[in-house]
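Beneath this line is the structure, given in structure tokens, with notes to follow.
The values are calculated or read from the model by the stated rules, or taken from the named source; none is laboratory data. Computed from a predicted model, the values in this text were never measured in an experiment. So basically every Cβ, Gly included, is an ideal-geometry build from the backbone, and we count neighbours across all protein chains shown. Please note that ligands, DNA and RNA were not included when accessible areas were found on the heavy atoms of the full protein model with its side chains. Shrake-Rupley method; radii C 1.70, N 1.55, O 1.52, S 1.80 Å.
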Amino acid sequence: MSGHAIEARDVRKIYRRYSRRRQFSTLKSALLSRSLLRDLRPDDAFEALGGVSFDLDTGRTLGVIGRNGSGKSTLLKLAAGIGKPTSGRITAHGRVSALIELGAGFHPEISGRENVFINGLMLGVPRREISRLFDEIVSFAELESFIDAPVKTYSSGMYMRLGFSVAIHVDPDVLLVDEVLAVGDEAFTHKCLDKFSELRRRGKTTVLVTHSLDLVERFCDEALWLDQGLVRAQGDPRRVIDEYRLDVAGVENAELAAMADQAETASGGAGIVEAGVKPGGPEDLSKAPEGRWGSREVEITRVDLGNAEGRPTHVFETGQGMRIRMGVQAHQVVTDFVFGVGIFDANGTCCYGTNTLIEGGIPESIQGAGEIEFVVDSLDLTPGTYKLDLAVHRANGAPYDYHRQLHVFRVTSHVADVGIYRPHHHWRFSGGVHVEGLR
Amino acid sequence: MFANLRHLFRYRALIRSLVARDLNARYRGSLLGFFWSFVNPLLLLLIYSFVFTVVMPGARPAELQPFALFMFCGILPWSWFSASLLEASNSLIAGSNLVKKVLFPAEVLPITSVLANLVHFCYGLPILGLFLLLYDTQASPVKLVWLPVIVAIQLLLTIGLALLVAALTVLFRDVRDLLANLLTFLFFATPIIYPISLAPASVQPYLNLNPFTHLAVAYQGALFRGGPFTDGDRLLVVAAESVVVFLAGYFLFDRLRDILPEEV
């Protein structure tokens, strides 16, 4: 077979919301107020898909990515034939199997065996074929000893394994998968992926809706990025994912910037002290919540985060440069002062902390306004969200102005490495060891 | 619409399995198991016998003996009819998971409700037959050939209404409550616990508007009354009505098919 397995032409899907009818939600009230026709008219329309077109060649694997609510699942359902597009056309050629919810339609009271048959019949497989495949289905789901027990006694994992096993054994020409791999244990996920690979080798077409960019990059021939019901990019997975990542970083950046603004207003204005915190600061700093305190002879008036070039951002790629710029204002001439910086991960673990005193700086004086820049040449952190402690205090620790975790930034990475610190490194192989694809 | 009907035929194995599942699951965990299918109509018979022979013995016409058995001829098919519609009205909502997430003809669900209750009806028939033999009514066994015809007509009528009710319930949940009351009304508007001859002549035309009147009278004619089967024209009327109801029900269901997954 050749040609397109799935064709979508300007597919639009509008969900109607009947808010008024939902409020009363009865035929009676509609009849009584003689407003049946008016109530049947949608009050509000929500456009889930706003004109999506694409072709998927037979035998290809397409990964659909996008933020929550971008229309991915709607697209998949329409491709499966569950519901019709409001306008436009979407066709899938051949036998379609949709893994939208595993084990949808299992009846809890009857045995796994009976459920396998009913589920298979529902997917359009003749009884004979289910009988033939039965043992394979059960052994793939690893449920040999439970297959005659009622499904209600199954654990959720068993339930899903059986559902997956039935759906994948019906030998679909087009397999539609909606984020079902997120469930199940590691071993079963691997088994599922192997099964996908097998289908792919046999020239079957697969559409994978997922939030796992990694999966798309490894498994898919093509990627499709949906954003608010529209195709933002389609094509080579690597390229699409990169674009998507950039966009997500942009959005996160905006969010973090908004948070930073909030922090500014929350802590802004001299003399405002976080409630419950003594001007001298909390007893145990490591347990202190976010906040700001200090005697304010010297004040940190603003904080800006920027990349190596100084362009403002709150999202950094691992290994990128970072600049933390602080504006300070001294209300009197101060000669006893230390500037400190602390980086904390989401768990509150201190990843790094330093100050001008530890590093041998000898304070001379601050007078009036000034600026301090803390320049990181290479931000070698693992992906995640980090918070900053910024402070100016006396050598004995008494704070003038302490910003406790008020400033947030995010680190992204192409690699999902773990830990709190990413040593600058590379791999080297020699002899009979060959490794490809390392980034 | 007709293409979809043909398409539906391909799913007969699924319908068969779902009916079996329904019957299987219904009595799973109960002590008497599927004997309930026999016990339920028996208990019903007992209750009506008590009311009409002990509490108000004067209410029954003398020529219909035993009166309980006369009622049973109507109650049994009525139970099938009303239980089917009540279950069908809930079938799409109960199976919302399927309707929303699996591609298959959704009309399978209400049809399954009707067929599962047909099986219960068939379980009740031997009991009815046993009592008919025991009391030796005047009905001749030859007339039993009409029984499958009447059942077939009722099946068509019930499926048509079931499709209608199932689809409408998804759009208006109150159809369920409306239906329960409507069925009670219809029960008394059908000559089941009284012979149609007992109804005043002025009321009879109205009773005849109710398709189930024809069915009930036909059941009574085929199973209970003596003499030849005289309800052929009644059957013809209700058969025509059933075809219309079925087509209308299927047409409506087919039209609403695409919005069902969004609304359940």
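Within the stretch B:27-51, can you find the residues that are open to solvent by less than 50 Å² (accessible area, probe 1.4 Å) and farther than 22 Å from B:Ala218 by Cα?
Listed by number, the residues that qualify are B:Tyr27, B:Ser30, B:Gly33, B:Ser37, B:Phe38, B:Val39, B:Val51.
Kindly list the number of the only condition in (1) in contact (Cβ under 8 Å) with a residue 24 or more places away in the chain; (2) in a helix (DSSP H, G or I) that fails for B:Ile192.
Of everything listed in (1) in contact (Cβ under 8 Å) with a residue 24 or more places away in the chain; (2) in a helix (DSSP H, G or I), B:Ile192 misses just condition (2).
Please state which one of A:Glu101, A:Glu136, A:Glu114 is away from every other protein chain (no Cβ under 13 Å) and open to solvent by 50 Å² or more (accessible area, probe 1.4 Å).
Among A:Glu101, A:Glu136, A:Glu114, only A:Glu136 is away from every other protein chain (no Cβ under 13 Å) and open to solvent by 50 Å² or more (accessible area, probe 1.4 Å).
How about the stretch A:57-140: which helices (runs of 4 or more DSSP H) wholly inside it have at least 2 residues that are assigned by TED's automatic domain parsing to the domain that holds A:Lys195, of a type in the set (D, E, K, R) and more than 26 Å from B:Ala20 (Cα to Cα)?
The helices (runs of 4 or more DSSP H) meeting that bar are A:72-80.
From the list B:Ser242, B:Ser197, which one is under 18 Å from the mean Cα position of the chain (by Cα) and hydroxyl-bearing (Ser, Thr, Tyr)?
Result: B:Ser242 is the single residue among B:Ser242, B:Ser197 that is under 18 Å from the mean Cα position of the chain (by Cα) and hydroxyl-bearing (Ser, Thr, Tyr).
For the stretch B:255-262, does any single residue satisfy the condition of being more than 14 Å from every other protein chain (Cβ to nearest Cβ) and assigned to a helix (DSSP H, G or I)?
No, because not a single residue in the stretch B:255-262 is more than 14 Å from every other protein chain (Cβ to nearest Cβ) and assigned to a helix (DSSP H, G or I).
In the stretch B:89-115, what count of residues is obtained for those that are open to solvent by 20 Å² or more (accessible area, probe 1.4 Å), more than 11 Å from chain A (Cβ to nearest Cβ) and touching a helix residue (DSSP H, G or I) at 6+ places or on another chain (Cβ under 6 Å)?
Adding up the residues that qualify gives 1.
Scanning for something touching a Lys or Arg at 6+ places or on another chain (Cβ under 9 Å) and within 22 Å of B:Cys122 (Cβ to Cβ), does the stretch B:207-215 turn up at least one residue?
For the stretch B:207-215, residues touching a Lys or Arg at 6+ places or on another chain (Cβ under 9 Å) and within 22 Å of B:Cys122 (Cβ to Cβ): present.
Name the residue that is nearest to the other protein chains (Cβ to nearest Cβ), counting only residues in the stretch B:224-243 that are in a helix (DSSP H, G or I) and out of contact with any helix residue (DSSP H, G or I) (no Cβ under 8 Å at 6 or more places or on another chain).
B:Ala240
Select from the stretch B:66-87 the residues that are farther than 21 Å from B:Leu178 by Cα and without any contact (Cβ under 8 Å) to a residue 40 or more places away in the chain and write down the one among them that is nearest to the chain's Cα centre (by Cα).
That would be B:Ala68.
Only one of (1) more than 24 Å from A:Gly397 (Cβ to Cβ); (2) free of Cβ contacts under 8 Å to residues at least 60 places away in the same chain fails for A:Tyr386. Which number is that?
Only one criterion is unmet by A:Tyr386, namely (1).
This table checks each residue for (1) in a helix (DSSP H, G or I); (2) away from every other protein chain (no Cβ under 14 Å); (3) open to solvent by 20 Å² or more (accessible area, probe 1.4 Å).
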site: B:Val119; (1), (2), (3): yes, yes, yes
site: B:Tyr123; (1), (2), (3): yes, yes, yes
site: B:Leu132; (1), (2), (3): yes, yes, yes
site: B:Ala152; (1), (2), (3): yes, yes, yes
site: B:Leu156; (1), (2), (3): yes, yes, yes
site: B:Val170; (1), (2), (3): yes, no, no
site: B:Arg173; (1), (2), (3): no, no, yes
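Specify which of the listed residues (A:Leu176, A:Leu226) is more than 25 Å from B:Asn24 (Cβ to Cβ), of a type in the set (A, V, I, L, M), within 14 Å of chain B (Cβ to nearest Cβ) and open to solvent by less than 10 Å² (accessible area, probe 1.4 Å).
Of A:Leu176, A:Leu226, the one residue that is more than 25 Å from B:Asn24 (Cβ to Cβ), of a type in the set (A, V, I, L, M), within 14 Å of chain B (Cβ to nearest Cβ) and open to solvent by less than 10 Å² (accessible area, probe 1.4 Å) is A:Leu176.
Kindly provide the set of residues from the stretch A:78-91 that are touching a helix residue (DSSP H, G or I) at 6+ places or on another chain (Cβ under 7 Å) and more than 10 Å from every other protein chain (Cβ to nearest Cβ), ordered by number.
Scanning the stretch A:78-91 gives a single hit, A:Ile90.
Which residue pairs have Cβ atoms closer than 7 Å, lie 6 or more positions apart in sequence or on different chains, and pair a first residue in the stretch B:4-16 that is away from chain A (no Cβ under 13 Å) with a second residue that is of a type in the set (Ser, Thr, Tyr) and assigned to a helix (DSSP H, G or I)?
B:Leu5/B:Tyr250
Test B:Val142 against the stated conditions and say whether it is away from every other protein chain (no Cβ under 14 Å), surrounded by fewer than 22 Cβ atoms within 10 Å (Cβ to Cβ) and either in contact with a helix residue (DSSP H, G or I) (Cβ under 6 Å, 6 or more places away or on another chain) or part of a helix (DSSP H, G or I) (or both).
Criteria met by B:Val142.
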